[in-house]
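Each remark here refers to the structure printed beneath this line.
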Protein chains: 2
Amino acid sequence: MKKQGPYRVILTEKEIPDHYLNIQGFMKEKPDPYLNPGALKPVALEELFPVFAEELCRQEMNVTDTYIEIPEEVRDYYKMYRPSPLIRAYNLEKALGTPARIYYKYEGQNTSGSHKLNSAIAQVYYSKKQGVKQLSTETGAGQWGTALAMACAYYDMPLTVFMVKISAEQKPYRKAIMETYGAKVISSPSQTTQVGRAILADDPDCTGSLGTAISEAIELTAGKPDACYVLGSVLNQVLLHQSIIGQELKLQMEAYDEYPDLVVGCAGGGSSLGGLMSEYMKDKLTGKAKPYFIAVEPASCPSFTRGRYAYDFCDTGKVTPLAKMYTLGSGFMPSAIHAGGLRYHGMSPILSKLYHDGFIDEARGVNQTAVFEAAMQFAKHEAILPAPESSHAIRVAMDEALKCKKTGEAKTIVFALTGHGNFDMQAYMSYMDGSMTDYIPTDEELEAGFATLPKVPEL
Amino acid sequence: MKKQGPYRVILTEKEIPDHYLNIQGFMKEKPDPYLNPGALKPVALEELFPVFAEELCRQEMNVTDTYIEIPEEVRDYYKMYRPSPLIRAYNLEKALGTPARIYYKYEGQNTSGSHKLNSAIAQVYYSKKQGVKQLSTETGAGQWGTALAMACAYYDMPLTVFMVKISAEQKPYRKAIMETYGAKVISSPSQTTQVGRAILADDPDCTGSLGTAISEAIELTAGKPDACYVLGSVLNQVLLHQSIIGQELKLQMEAYDEYPDLVVGCAGGGSSLGGLMSEYMKDKLTGKAKPYFIAVEPASCPSFTRGRYAYDFCDTGKVTPLAKMYTLGSGFMPSAIHAGGLRYHGMSPILSKLYHDGFIDEARGVNQTAVFEAAMQFAKHEAILPAPESSHAIRVAMDEALKCKKTGEAKTIVFALTGHGNFDMQAYMSYMDGSMTDYIPTDEELEAGFATLPKVPEL
């Protein structure tokens, strides 16, 4: 058995990475290109300029560079809340009676409460540098919206956030904190956009989805001079920015003299898992090591485990380029029974390709009551109240540690604790009072989602 | 001008103090002793045993030892969330255009969201060690109750929390998070105790106060075998436990090559300020240095600035020993207009004595709208949403920094950022929508409070 290390390895601000790690640069087989939604041909760089800031478009399309320098101004902001700690779950290990060593990288120690801030500050920086005067985005559970509101407040950048209606209702304080940071928050679907009005005309009680909120946010700013849309997950640029998590993680694991057997992360759009795995996926892609990767998703929104690997729109309104990804179809609406985030119909094209090609070894769908059971146990022993999203990874890390208890294997398990649950008390309350239930979409519901997939001829 | 240091100085877990610093041990003039509420004679150690765990009673009465060892088990828990960072407010300094250097010690990076966990874990540890089987306490804004619930969950200790009714209504999620950690939460005044029933009979709409909640919590457990009461502030033992803040602070300030001109902290019961100042007050008491200390309190609950230095009950029900302190009278009920904590009628006997004797240089009352204005500005520039309580210190730190701007003095200012505001969105919302108002008690209201002071003959 390895010697005991500290509870937490924190690093100094000098050890914050100075380059983003571009996983695409290490992939021999690149993700399939985005397609223009009209012509169904690979999108040219310039075609993305009306939507995103130009530097971000370049990052999005960059499949060759392995590292991209982090601007000093962005790094200065990172210093305000990073490096994030890597914590060994001594107490949880003891409670489980497992020989496994469990570590978690905790990204919740900033006001937005999650890793999303890592990409928010970069996206606002590049937009500001280009002279952009207003931004729009969507948010589901609210972490991304909060992170972006913080970054926009810092740069005096006006921001409109379309928040998935069911989340806005479940989490009024998430809305309030975004407003505290100066953002304008609109529940989606809304009467503000054509897309929103059309959806409401069809279904006035629609509780919303990330896909719809994305459509509305894009409609608000796309094509307008000095206005840009930004997105908190899914995109290649977001995984790029989040790579700092994995770079710190590797340094911290080395301080423990450890290399993971198992890397576990929740996956909604894929930004956290993509960030967490950056260095270790590089090792796998370059043949240096073979850590086992598990992507965990809600059984209620099972894009990896029950979706199709196909070209699809990133939004419900079908205005975005098409991405090749694991998807449930842009028309899929996750059940309102599902609390918290991880509600996206698709999945990061990079992670999708890595999963398809076997570099991500496994995807697992879990039920939310089992997730909250793990969350409560984790909170008790590790003194951190985890976000529901992060608790998907906790569930699987605990399950794997319990397997080790049976087999006697002392595996090294790392998972991403992407955020805290301070704004998720409503969900915890419904778990505690027994009103929370699980939801698994029927095959018919999935088929209805797949029916919304676009028909794309072979390239 | 001093050279630029890092944004944050964090320290390693080895640098967590291994002894508590006992300010009383350094005071030549000790605080006046507690009095037995019946006989009005100084309380003997054993008289406290029916209320608190014995080791905690010893700490409470210990006016001679300068340092007391921290048990290894308690220190192990501290490692899960400490040392807390010291942060230089580079961005706030820049926004204010001040030559002052502003530092803040941030205690909000644990799930309870404040410094209160430092004492909670110690109190539960000593109680558990003595064989105590259940605990009771009160909570106002909810930080203490959450901290204690976390510590009790860790030690499998049943806990009942009496939560000030107005706070429970303003902050339903604070109640929920305590329940998540297994605590039973009762709004106070309640029908559960004789004290509560008597108050409700007199005033069914009573919104509660810390003094009342303390009475109820004591009534539930005092004198029962295997049951103890614990308190989150005011007491000498709590300041003792919180001294780890100030010990870390001094190490961190030395890493910046700094010694503070000005130390600013909010003061409700005094635990945070008492902890923050520990090392620097030691320097002042021993004649080594003369840092200037400012205690900041709400103008709506002005125990230091408009209270009397007199013997008073610590609770409304008049069951506790009498303490010599700055007090508004145990019958004083702070206006419901006041959001957040810092609602206690009295003040730490240690801080009271230090203020009376001139070692704490100044106390300042501030209005809550001015406090939230500072909080909003701080959040924007420093990326942390501060707790309303902490924002009292932010207000004064900013005011002092702006004075430096006028005079050109490059003062070194340190303040305590005692916690985050994630559970205070209702108060932020009322500030933003303009419905928050200020409240300053009239002289008549204060006189009514003073009329509840007990008559104590000269000792």
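Charge tally for B:Pro454 (other residues, Cβ to Cβ under 15 Å; Lys, Arg +1; Asp, Glu -1): +1.
Of the residues B:Leu92, B:Leu251, the one with the largest accessible area comes first in the ranking B:Leu251, B:Leu92, computed with a 1.4 Å probe on protein heavy atoms.
Largest accessible area first, the listed residues B:Glu444, A:Glu382 line up as B:Glu444, A:Glu382 when surface is computed with a 1.4 Å probe on the assembled protein chains. In straight-distance terms, cross-link reach from B:Lys406 covers every one of the aspartates and glutamates whose alpha-carbon lies under 15 Å from its own, apart from those fewer than eight places away in the same chain; here that gives B:Glu93. About the centre of its Cα atoms, region A:381-436 shows a dipole size close to 300 debye [charges on the beta carbon of Lys, Arg (+1) and Asp, Glu (-1) only; nearest 20 debye]. Residues of region A:145-183 buried by at least 10 Å² of accessible area upon assembly of all protein chains, compared with the chain on its own (1.4 Å probe): A:Met150, A:Ala153, A:Tyr154, A:Asp156, A:Pro172, A:Tyr173, A:Ala176, A:Ile177, A:Glu179, A:Thr180, A:Tyr181.
For the residue pairs B:Lys94/B:Lys403; A:Lys79/B:Lys250; B:Lys129/B:Lys165; B:Lys41/B:Lys353; B:Lys41/B:Lys184; B:Lys28/B:Lys288, the alpha carbons lie more than 24 Å apart in B:Lys129/B:Lys165; B:Lys41/B:Lys184. Peptide B:69-81 shows a mean partner chain C-beta count of 2 within 10 Å per residue C-beta. Using a cutoff of 8 angstrom between alpha carbon atoms and counting only pairs six or more residues apart, the relative contact order for chain A works out to 20 percent.
At what distance in angstrom do the alpha carbon centres of region A:226-246 and region B:358-401 lie from each other? Taking the Cα centre of region B:358-401 as reference, the centre of region A:226-246 is 34 Å away. Averaging the Cα positions of each part gives two centres, and for region A:82-108 and region A:262-304 these lie 18 Å apart. Between A:Glu444 and A:Lys14, the FRET efficiency estimated from the beta carbon spacing at R0 = 51 angstrom works out to 0.35. For region A:1-37, trypsin sites (Lys or Arg not before Pro) meeting the loop criterion (DSSP other than H, G, I, E, B) and having at most 16 other Cβ atoms within 10 Å: A:Lys2, A:Lys3, A:Lys28. Expressed as a whole percent, the accessible surface of the protein assembly as shown that belongs to carbon and sulfur atoms is 52, based on a 1.4 Å probe.
Interface A-B: total buried accessible area of about 3800 Å², 1.4 Å probe, protein heavy atoms only. Full extension of the segment from B:Lys133 to B:Lys224, taken as 0.36 nm per residue of separation minus the current Cα-Cα distance, would add 31.7 nm. Residue separation of B:Glu29 and B:Val456 scaled by 0.36 nm, minus their Cα-Cα distance, works out to 151.7 nm of gained length. About its Cα centre, region A:1-111 has a charge dipole of approximately 1100 debye under the convention of +1 per Lys or Arg Cβ and -1 per Asp or Glu Cβ, with nothing else charged. Globularity index of region A:233-356 is 1.10 (Cα radius of gyration / 2.2 N^0.38 Å, N = number of residues). The label-point distance for A:Glu47 and B:Thr407, in a model that sets each label 7 Å from Cα toward Cβ, rounds to 6.5 nm. Remark on region B:98-133: accessible area falls by at least 10 square angstrom from chain-alone to full-complex state for B:Gln109, B:Thr111, probe 1.4 angstrom. Rounded to the nearest 500, the helix-only mean residue ellipticity at 222 nm of the protein assembly as shown stands at -12000 deg cm²/dmol, with each DSSP H run of n ≥ 4 adding -39,500 (n - 2.57). The solvent-accessible area of A:Ser435, taken with every protein chain present and a 1.4 Å probe, is close to 70 Å². Evaluating 6.51 cos²θ - 1.76 cosθ + 1.60 at θ = phi - 60° for every residue in region B:88-102, the Karplus couplings come out as 8, 7, 3, 6, 5, 3, 5, 5, 7, x, 9, x, 5, 9, 10 Hz, glycine and proline recorded as x. Of the DSSP H helices in chain B, those with a Cα length along their own long axis of 15 Å or more and a mean Kyte-Doolittle hydropathy reaching -1.0 comprise B:117-129, B:143-154, B:210-221, B:236-255, B:368-382, B:388-407. Name the residues of region B:415-444, by number, that are at least 20 Å² less accessible with every protein chain in place than in the isolated chain; the surface is that of heavy atoms, probe 1.4 Å, without ligands or nucleic acids. At a threshold of 20 Å² (probe 1.4 Å), the residues of region B:415-444 that become less exposed are B:Asn422, B:Phe423, B:Met425, B:Gln426, B:Met429, B:Met432. The residue among A:Met80, A:Met61, A:Leu92 whose Cα reaches farthest toward the positive pole of the charge dipole of region A:30-116, with charges on the beta-carbon of Lys, Arg, Asp and Glu, is A:Leu92. Taking every DSSP beta bridge that has both ends in the protein assembly as shown, the antiparallel portion is near 35%. Across the protein assembly as shown the C-alpha pair distances fall into 10 Å bins from zero in the proportions 2, 13, 23, 24, 19, 12, 6, 2, 0, 0 percent. Think of a 1.4 Å ball rolled over the protein heavy atoms: the protein assembly as shown then has 33 Å² of accessible area per residue. Short-range pairs are left out: with C-alpha atoms under 8 Å and at least six residues apart, the relative contact order of region B:1-64 is 29 percent.
Residues whose amide H lies under 5 Å from that of A:Met163, counting only those 5 or more places away or on a different chain, are A:Thr139, A:Ile186, A:Ser187, A:Ser188; hydrogens are built 1.01 Å from N in the peptide plane. At an R0 of 22 angstrom, the distance between the Cβ atoms of A:Glu373 and A:Lys94 translates into a FRET efficiency of 0.75.
Between copies, B:Thr12 shows label-point distances of 1.2 nm, shortest first, with the point placed 7 angstrom from Cα along Cα to C-beta. Mean sequence separation of contacting Cα pairs (under 8 Å, at least six apart), scaled by the length of region B:311-355, corresponds to a relative contact order of 36 percent.
Straight-distance candidates among the aspartates and glutamates for linking to B:Lys318, with alpha-carbon spacing under 12 Å and chain neighbours fewer than 8 residues away dropped: B:Glu216, B:Glu219. As a ratio to 2.2 N^0.38 Å, the alpha-carbon radius of gyration computed for region A:172-281 takes the value 1.43.
Of the trypsin sites (Lys or Arg not before Pro) in region A:217-297, the ones in a loop by DSSP (not H, G, I, E or B) with at most 14 other beta carbons within 10 Å are A:Lys288.
Note on A:Cys228: accessible area is roughly 0 Å² with a 1.4 Å probe, heavy atoms of protein only. With 0.36 nm allotted per residue and the present C-alpha distance subtracted, the A:Asp205-A:Lys290 stretch has 25.8 nm of extension available. Dividing the Cα radius of gyration of chain A by its Kirkwood radius returns 0.94 for Rg/Rh. Here B:Met429 sits with roughly 60 square angstrom of accessible surface, probe radius 1.4 Å. Placing +1 on the Cβ of every Lys and Arg and -1 on the Cβ of every Asp and Glu, with nothing else charged, gives the protein assembly as shown a dipole about its Cα centre of roughly 1200 debye.
Net charge in the neighbourhood of B:Ala267 (other residues with Cβ under 14 Å of its Cβ; Lys, Arg +1, Asp, Glu -1) is +1.
The values are calculated or read from the model by the stated rules, or taken from the named source; none is laboratory data. For clarity, every value in this text was computed on a predicted model and none was experimentally measured. Positions of Cβ are backbone-derived with ideal geometry, glycine not excepted, and every protein chain shown enters the neighbour counts. Protein only, heavy atoms only, side chains kept; ligands, DNA and RNA dropped before computing areas. Shrake-Rupley method; radii C 1.70, N 1.55, O 1.52, S 1.80 Å.
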